[in-house]
C-alpha cells in the first residue's frame, strides 16, 4: 500500500521487486548489492564486490539528494566473516570520521550465487 508521505524511487532494473531508495520525513533507506553501473553483478573477489556495492550506495544516495557523509547507519551482510577486514579497507575509502553506526552480520547466503556482500543504509537527506 502506497502512502503519500513516503516516496519510493524505483530500481533501474524494470524486473526488480524492490525500490532503489525509500524516503520518509527527510530520511532515506536503501539496500545495495555489488552491481556495476551497467546493471551487471560484480561476482569477483570481496574487494571488487565491496567497491561495487559501496559505489552503488554512493550513487543511489546522491541521486536521492544525499551522500555518504549523511549515512547514519549501515548494516553489512557478509557470507564469510573472514571477508570483514577486506571490506573494512574498502569501507574506509568511502567513509570518514565520524563513522556511521554500523553492524556486520554473517549470513549463509545472499540473493545470487557468488554474491558475498550486501549493505542496507539509512541516511539523512540534504
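The share of C-alpha pairs in the chain whose separation exceeds 25 Å stands at 21 percent. With the alpha-carbon atoms of the stretch 53-98 aligned to their principal axes, the span from lowest to highest coordinate is 34, 21, 16 Å, starting with the largest.
As a length-normalised measure over Cα pairs under 8 Å and 6 or more apart, the relative contact order of the stretch 47-126 settles at 47 percent.
Each residue, residue 5 and residue 80, gets one label point 7 Å from its Cα in the Cβ direction; the gap between the two is 4.6 nm.
For the stretch 80-126, the extents of the C-alpha atoms along the principal axes are 35, 22, 15 Å, listed from largest to smallest. Cα gyration tensor of the stretch 16-61, axes a ≥ b ≥ c as square roots of the eigenvalues: rounded (a/c below 1.5), prolate (a/b > b/c) or oblate? Because a/c hits 1.5 or more and a/b exceeds b/c, the stretch 16-61 counts as prolate.
No lab work stands behind these numbers, since they all come straight from the coordinates. Bear in mind the structure is a predicted one, so any value in this text is a computation, not a measurement. Don't worry about glycine lacking a Cβ; one is built from the backbone with ideal geometry, like all the others, and counts go over all protein chains shown.
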